[in-house]
Amino acid sequence: MAGSIADAFKKTQYKEQAQKVADEKHKEEQNKIKEHNSRLEKNNQNNRRGEYPTNNKSQNPLGVATAPYNFVPLAGKAVSSPLGTYLENGKYGDYIQSEGKFTGYIDIDITTLTPTCINWNSKFFAPNGNPTIPGSTLRGMIKNYLKIISCGTMRAEGNEDLTDGHLYFRGLASSCKPFSKYYAEKMTGKIKHTDADGNELYINDSLAKAGFLARLEDNSYMIFPAQSLKKPYRREKDANGEFVFKIDRLGHKKFKYLVPKGIENSIIVSDEMVECHTGQMFGKGHYYIFSNVDWNHGYPVDKKIIEEYRQDKQRKGLNLLDEKNSKINISNSSFAYGQHFNHLAPCFYLEKDGKVLHFGYGKYYRIPYENAISDHIPKDMRDKKIIDFADAMFGCKEVADGSDCKDGFAGRVFFEDAVCTGERKLLDAAQPKVLMGPRPTSFQLYLEQNGGIAHWDNNTMLRGYKLYWHQDLSRDGWKLDGRPTKGGDFEGNAPIQPVEKGVKFSGRIRFENLAKEELGALLKVLELGKTGMFKVGMGKPLGMGSIEISNKLHLIDVEQRYTQLFEDEKWKSGEIETDSKEFLNFFSDYMQKATKEQNIEKEYQHILEVLEIMMNWDKKPSDTQVRYMSIEDDDKPFQNRFVLPTPEKIVEMQNKEK
């Protein structure tokens with residue numbers, strides 16, 4: 001009896017000692033992470049002071065992100081148009097037919113300031129053999145600027161102003177402490193493990209469970225629980241028989257393991273089990289075997305979760321919804337017990353109250369943020385009941401219930417194509433430099449950062465409307481450097497044929513029954529061209545598409561046109577070239593009153609100031625300030641979450657350089 005008590009006491013002591021060692025190791029790791037992040041915070045403080053690094057190899061200011069784009073901020077509230085105010089008590093038809101409406105057209109002359117391309121089958125768009133900027137392209141450009149200068153709404157429904165959804169992330173090894181901590185809170189916890197001697201230890205591990213993602217006959221999805229077993233790979237040795245390893249950023253020794261060639265990110269099926277192999281990297285020394293599926297108890301997966309998983313463009317590993325990863329032959333395996341599905345793949349997942357929260361392939365997979373992109377737009381700017389200037393002038397699909405046009409109304413502004421009027425100076429077709437797509441997962445670039453690092457589940461707002469900086473671009477500065485592939489092209493990078501700088505286009509904007517404030521808003525956008533330049537077409541991040549626009553306003557006296565056919569033996573057009581100043585003043589007065597009533601006067605003035613900075617042609621940022629960052633940069637700007645400075649900060653930094 002005494003012997004058994006002593007053995008039990010020793011076993012308890014051993015268990016406590018083993019747990020203490022595990023806890024001390026965890027504490028040591030946390031201290032190293034704390035020290036590492038302390039250095040990062042010092043870098044970020046330098047960022048906020050606008051200081052630069054002493055490392056000559058660095059491509060970026062210390063802690064400062066660079067990009068060919070920046071943002072014009074949001075006002076926080078949307079301004080209703082005269083039409084929106086009228087519809088609160090009146091009808092759309094009465095508004096259009098009421099006095100004080102103007103019909104006419106605006107002639108616009110466009111001059112390219114840099115190589116510009118409206119791409120169509122690797123050539124500049126030229127439906128009649130003459131280079132042409134489509135009216136639809138001009139419409140989209142003008143509408144975007146109109147939204148900015150009139151404090152318009154920003155809605156996600158129907159992808160009107162942005163594409164909404166829940167972005168995905170994985171912050172397990174992030175050097176940004178709050179971010180990695182947040183991921184750990186979501187995906188890890190104290191999990192009971194048993195060591196080789198049968199002792200139970202609680203170690204931080206992934207909370208994800210093993211299962212099989214199945215698509216049923218009605219195209220709905222379910223996940224069926226399974227058991228998983230962790231299996232090791234063999235460690236790789238060098239020529240001297242020593243294990244190959246490297247020291248990670250926390251000072252830990254990471255061994256290299258021998259992952260058989262051809263099985264990275266693969267699923268291997270047998271009658272008894274399924275092997276799941278992820279990508280190869282230092283320190284990753286195991287794979288998982290799935291077996292013992294419970295086909296009688298599945299968890300439903302909401303359609304929205306499936307669709308948002310499908311839309312995660314940043315995933316580098318295996319896509320569980322890809323048909324090539326569907327192991328339908330599992331349905332014929334003995335362990336499936338006759339179950340049949342049209343898509344089946346092993347996965348890890350988390351569920352709550354019988355519903356799947358999210359799923360992925362590896363045990364530490366990418367998970368969705370709780371907040372959607374649209375949650376970072378001020379609520380007052382998402383209001384469907386507000387009819388802003390863009391809605392009123394360009395048309396609206398639906399408006400608030402109770403009006404006579406709840407199904408929407410057509411626009412009253414129409415854009416004709418702008419056709420080349422001078423020499424057709426086309427450059428030789430060539431492949432452009434590779435462009436990066438939008439990466440909103442880089443929250444330090446797309447979200448407001450106020451002294452710290454805020455991500456998509458923090459209480460912060462979108463930075464605003466994304467615009468591209470003007471750049472000094474040479475005649476061939478847009479072309480891709482390097483050696484093409486055997487086929488003559490770099491894969492995924494088709495040739496384009498821009499026009500040179502100095503090419504002239506002419507077009508026309510027609511309008512019908514616009515209120516004086518609405519016409520003033522349209523003219524205000526075009527008047528921005530007196531102090532700044534616009535951007536159009538493709539290749540904006542490379543500096544392409546900078547254009548200058550001049551305009552002339554012509555009003556049409558409709559009554560005169562249709563009551564008198566001739567004047568001096570010519571058709572009576574009723575057209576009068578008119579000064580824009582009066583209408584610009586009407587719009588300015590309207591915005592001054594509206595922003596004052598909503599207490600956003602300062603915000604609106606700030607918007608106009610930032611917009612002027614972004615459109616300024618004569619005071620462009622330096623090349624180093626508008627370059628795309630790379631994961632290969634010495635200071636690792638993406639990994640360290642360098643924050644993108646505001647346009648005003650960039651101007652301040654540039655002045656310091658001088």
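Which ones in the stretch 364-382 are open to solvent by 40 Å² or more (accessible area, probe 1.4 Å) and in contact with a strand residue (DSSP E or B) (Cβ under 6 Å, 6 or more places away or on another chain)?
Selection gives Y364, R366.
So in the stretch 131-150, with the set limited to residues that are more than 21 Å from the chain's Cα centre (by Cα) and closer than 30 Å to E601 by Cα, which one is surrounded by the most Cβ atoms within 10 Å (Cβ to Cβ)?
S150
When N128 is evaluated against the numbered criteria (1) closer than 20 Å to V536 by Cβ; (2) open to solvent by less than 40 Å² (accessible area, probe 1.4 Å), which criterion, by number, is the only one it fails?
All conditions pass for N128, except number (2).
Any idea which residue in the stretch 166-196 is farthest from K230 (Cα to Cα), counting only those that are open to solvent by less than 20 Å² (accessible area, probe 1.4 Å) and modelled with pLDDT of 90 or more?
Among those that are open to solvent by less than 20 Å² (accessible area, probe 1.4 Å) and modelled with pLDDT of 90 or more, it is Y168.
Could you please tell me which pairs satisfy a Cβ distance under 7 Å, a separation of 6+ or placement on different chains, a first residue in the stretch 357-378 that is more than 30 Å from F224 (Cα to Cα), and a second residue that is of a type in the set (S, T, N, Q) and part of a loop (DSSP other than H, G, I, E, B)?
If the second residue must be of a type in the set (S, T, N, Q) and part of a loop (DSSP other than H, G, I, E, B), the pairs left are H376/T460.
Filter the stretch 76-89 down to the residues that are open to solvent by 20 Å² or more (accessible area, probe 1.4 Å) and in a loop (DSSP other than H, G, I, E, B), then identify the one that is farthest from K384 (Cα to Cα).
The extreme case among them is N89.
With respect to E601, determine if the residue is closer than 20 Å to R463 by Cα and of a type in the set (D, E, K, R).
yes
Take the residues in the stretch 592-607 that are open to solvent by less than 60 Å² (accessible area, probe 1.4 Å) and either out of contact with any helix residue (DSSP H, G or I) (no Cβ under 7 Å at 6 or more places or on another chain) or of a type in the set (K, R) (or both); name whichever of them is nearest to A67 (Cα to Cα). It would help to see each step written out before you state the result.
We begin by selecting, within the stretch 592-607, every residue open to solvent by less than 60 Å² (accessible area, probe 1.4 Å); these are 594-595, 598, 600, 604, 607.
If we keep only those that are either out of contact with any helix residue (DSSP H, G or I) (no Cβ under 7 Å at 6 or more places or on another chain) or of a type in the set (K, R) (or both) as well, we get 594, 598, 600.
On the way: A594: 34, Q598: 33, I600: 29 Å.
That would be I600.
If you go through the stretch 208-260, how many residues are over 30 Å from K304 (Cβ atoms) and either modelled with pLDDT of 90 or more or not in a strand (DSSP E or B) (or both)?
Our first condition is that a residue be over 30 Å from K304 (Cβ atoms); within the stretch 208-260, this holds for 229-260.
Next, from what is left, pick out any that are either modelled with pLDDT of 90 or more or not in a strand (DSSP E or B) (or both): 233, 236, 238-242, 244, 248-252, 256, 259-260.
Number satisfying all stated conditions: 16.
When only residues in the stretch 608-652 that are among the polar types (S, T, N, Q) and assigned to a loop (DSSP other than H, G, I, E, B) count, which is surrounded by the most Cβ atoms within 10 Å (Cβ to Cβ)? Step through it out loud before you land on a result.
Filtering the stretch 608-652 down to residues among the polar types (S, T, N, Q) leaves 616, 622, 624-625, 630, 639-640, 646.
Of the ones still in play, those that are also assigned to a loop (DSSP other than H, G, I, E, B) are 616, 622, 630, 639-640, 646.
Values: N616: 17, S622: 15, S630: 13, Q639: 14, N640: 22, T646: 18.
Checked the stretch 608-652; the qualifying residue surrounded by the most Cβ atoms within 10 Å (Cβ to Cβ) is N640.
For the structure I just gave you, tell me whether T153 is assigned to a loop (DSSP other than H, G, I, E, B) and surrounded by fewer than 19 Cβ atoms within 10 Å (Cβ to Cβ).
Values: assigned to a loop (DSSP other than H, G, I, E, B): yes; surrounded by fewer than 19 Cβ atoms within 10 Å (Cβ to Cβ): no.
The answer is no for T153.
When the stretch 73-126 is examined, which residues are found to be free of Cβ contacts under 8 Å to residues at least 12 places away in the same chain and among the aromatic types (F, W, Y)?
Y86, W120, F125
Within the stretch 290-315, restricting attention to residues that are outside any helix (DSSP H, G or I) and acidic (D, E), which residue is farthest from K231 (Cα to Cα)? Write out each step before concluding.
Step one: of the stretch 290-315, the residues outside any helix (DSSP H, G or I) are 290-302, 311-315.
Pick out the ones that are also acidic (D, E) and you get 294, 302, 312.
Working: D294: 22, D302: 32, D312: 29 Å.
Of everything passing the filter in the stretch 290-315, D302 is farthest from K231 (Cα to Cα).
Is it true that some residue in the stretch 571-578 is loosely packed, with under 12 Cβ neighbours inside 10 Å, within 30 Å of E517 (Cα to Cα) and either at pLDDT below 85 or of a type in the set (D, E) (or both)? Talk me through it step by step, then tell me what you get.
To start, the set of residues in the stretch 571-578 that are loosely packed, with under 12 Cβ neighbours inside 10 Å comprises 571, 577.
Filter once more, so that each one left must be within 30 Å of E517 (Cα to Cα): 577.
The next check asks that each one be either at pLDDT below 85 or of a type in the set (D, E) (or both); those that pass are 577.
Taking every residue of the stretch 571-578 in turn, at least one turns out to be loosely packed, with under 12 Cβ neighbours inside 10 Å, within 30 Å of E517 (Cα to Cα) and either at pLDDT below 85 or of a type in the set (D, E) (or both).
Would you point out which residue out of R310, R315 is modelled with pLDDT under 90 and either at negative phi or open to solvent by less than 30 Å² (accessible area, probe 1.4 Å) (or both)? Steps first, answer last, please.
Values: R310 fails: modelled with pLDDT under 90.
Within the list R310, R315, the selection yields R315.
Here's a check for you: in the stretch 431-448, which residue that is among the hydrophobic types (A, V, I, L, M, F, W, C) and open to solvent by less than 20 Å² (accessible area, probe 1.4 Å) is farthest from P647 (Cα to Cα)?
Taking the stretch 431-448 first, the residues among the hydrophobic types (A, V, I, L, M, F, W, C) are 434-436, 443, 445, 447.
Imposing the further condition that a residue be open to solvent by less than 20 Å² (accessible area, probe 1.4 Å) reduces the set to 443, 445, 447.
On the way: F443: 17, L445: 12, L447: 14 Å.
The selected residue is F443.
The values are calculated or read from the model by the stated rules, or taken from the named source; none is laboratory data. Please read all numbers here as calculations on a predicted model, not as lab measurements. Reconstructed Cβ throughout: ideal geometry from the backbone, glycine too, with neighbour counts over all protein chains shown. Surface areas here come from the heavy atoms of the whole protein model, side chains and all, with no ligands, DNA or RNA. Shrake-Rupley method; radii C 1.70, N 1.55, O 1.52, S 1.80 Å.
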